[in-house]
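The next block holds one structure in the form of structure tokens; read it before the comments.
Just so you know, all these numbers are worked out from the coordinates, no wet-lab data involved. Computed from a prediction, not measured in an experiment: that's the story for all the values here. Using ideal geometry, Cβ is built from the backbone for each residue, glycine included, and neighbour counts are taken over all protein chains shown.
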Amino acid sequence: MNRRDLLKISAFAGLAAIATQASAETCATDGTPNQFIPKKAADAKPLDNEFEKYPKCPYCGMDRREHHRARMLVQYADDVNDGVCSIHCLSLSLGLNIDREPKLIFGPDYGSTAEPRPLLPVEQLTYLIGADLKHAMTKRSKHSFASVDIAKEFQAKHGGVLAKFDDALRESYLDMASDASMIRKNREERRKRAAEKKAG
């Protein structure tokens with residue numbers, strides 16, 4: 001996969017981040033988007049002890065081990081890594097870190113029976129987009145499979161369209177507005193329930 005083409009896909013999501021970064025350089029107290037730049041030290045072997053090094057998604061706070069069937073990890077060219085919970089949050093990482101070129105991107109083999117699901121380079125994965133399978137942070141699922149045959153079995157049972165990673169990433173950006181609205185609504189409902197439980 002041509003990483004420059006990948007960055008072009010995520011470029012429109014990073015336009016706002018670029019503008020904000022310019023102002024952040026002149027205003028050190030702004031905190032945006034530097035708060036989203038990966039904070040971990042460079043690591044050439046990010047998959048070693050992955051959950052200890054990247055336990056929570058930096059963009060939404062979700063537990064990556066709990067969401068191991070959807071989690072992803074991007075290793076940038078400088079060996080700085082971003083471990084995220086889903087392709088939704090991977091899209092955020094790629095957009096906000098627009099000046100970092102991805103070296104490797106890993107996704108899970110949803111069709112595996114291993115716990116947690118193993119991570120593989122996305123070039124080796126087939127994506128099933130829009131199946132009636134639950135997925136983290138998005139209404140329209142985008143699960144990845146190491147085996148095309150297993151992906152087709154899931155497609156026969158759950159629907160959806162087979163695709164490559166670039167297609168799934170593009171669809172993730174297209175779904176961003178509706179997914180963000182869904183996430184806000186779900187979190188507000190959880191806050192209300194927690195407040196009611198505390199009051200009651």
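Name the aspartates and glutamates eligible as straight-distance cross-link partners of residue 198: C-alpha to C-alpha under 13 Å, and not fewer than 8 places from it in the same chain.
Answer for residue 198, where 13 Å is the Cα cut-off: none of the aspartates and glutamates qualify.
Calculate the translational D of the range 74-200 in whole µm² s⁻¹ from Stokes-Einstein, where the hydrodynamic radius comes from the Kirkwood formula applied to all Cα pairs, the temperature is 37 °C and the viscosity 0.692 mPa s.
The estimated diffusion coefficient comes to 207 µm²/s.
Please report the net charge: other residues with Cβ closer than 14 Å to the Cβ of residue 120, K and R +1, D and E -1.
So the environment of residue 120 carries a net charge of +1.
List the relative contact order of the range 49-200 as a percent without decimals, with contacts defined as Cα pairs under 8 Å and 6+ residues apart.
18 percent
In which sequence would 154, 145 go, from the one with the fewest C-beta neighbours within 10 Å to the one with the most?
Neighbour counts put them in this order, fewest first: 154, 145.
Hey, what D do you get for the range 137-200 in µm²/s if you plug the Kirkwood alpha-carbon radius into Stokes-Einstein at 25 °C and 0.890 mPa s? Walk me through the intermediate numbers first.
On the way: Rh = 14.2 Å.
The calculation lands on 173 µm²/s.
With θ set to phi - 60° and the Karplus curve 6.51 cos²θ - 1.76 cosθ + 1.60, what are the ³J(HN,Hα) couplings of the range 158-172 in order, to the nearest whole Hz, using x for Gly and Pro?
Taking θ as phi minus 60°, the curve returns 10, x, x, 10, 7, 7, 9, 4, 4, 5, 5, 5, 4, 5, 5 Hz for the range 158-172.
Below 11 angstrom from the Cβ of residue 63, what's the summed charge of the other residues (Lys, Arg +1; Asp, Glu -1)?
Its environment carries a net charge of +3.
On full extension of the chain, what length is gained from residue 161 through residue 185, given 0.36 nm per residue of separation minus the C-alpha to C-alpha distance? Mind showing how you got there, number by number?
Details: separation 24, 0.36 × 24 = 8.64 nm, distance 2.74 nm.
So the chain would gain 5.9 nm between residue 161 and residue 185.
Is there a pair in 139/164; 56/103; 45/134 whose C-alpha atoms are over 25 Å apart, and which pairs would that be?
45/134
How do 193, 117, 71 rank when sorted from fewest to most other Cβ atoms within 10 Å of their own Cβ?
On the way: 193 10, 117 20, 71 29.
Ascending number of Cβ neighbours within 10 Å: 193, 117, 71.
Lys and Arg at +1, Asp and Glu at -1: add these up for the other residues within a Cβ distance under 9 Å of residue 171 and post the number. Don't skip to the answer; put the middle values down first.
Working: positive: 140, 142, 170; negative: 167, 175.
Result for the local shell: +1.
Considering amide H positions built from the backbone, and no H for Pro or chain starts, which residues 5 or more places from residue 120, or on another chain, come under 5 Å of its amide H?
107, 109
Simple spin-label model, 7 Å along Cα-to-Cβ: residue 148 to residue 56 in nm?
Simple spin-label model gives 4.1 nm for this pair.
Starting from the Kirkwood Rh over alpha-carbon pairs, what translational D in µm² s⁻¹ does the range 47-142 have by Stokes-Einstein at 25 °C and 0.890 mPa s?
183 µm²/s
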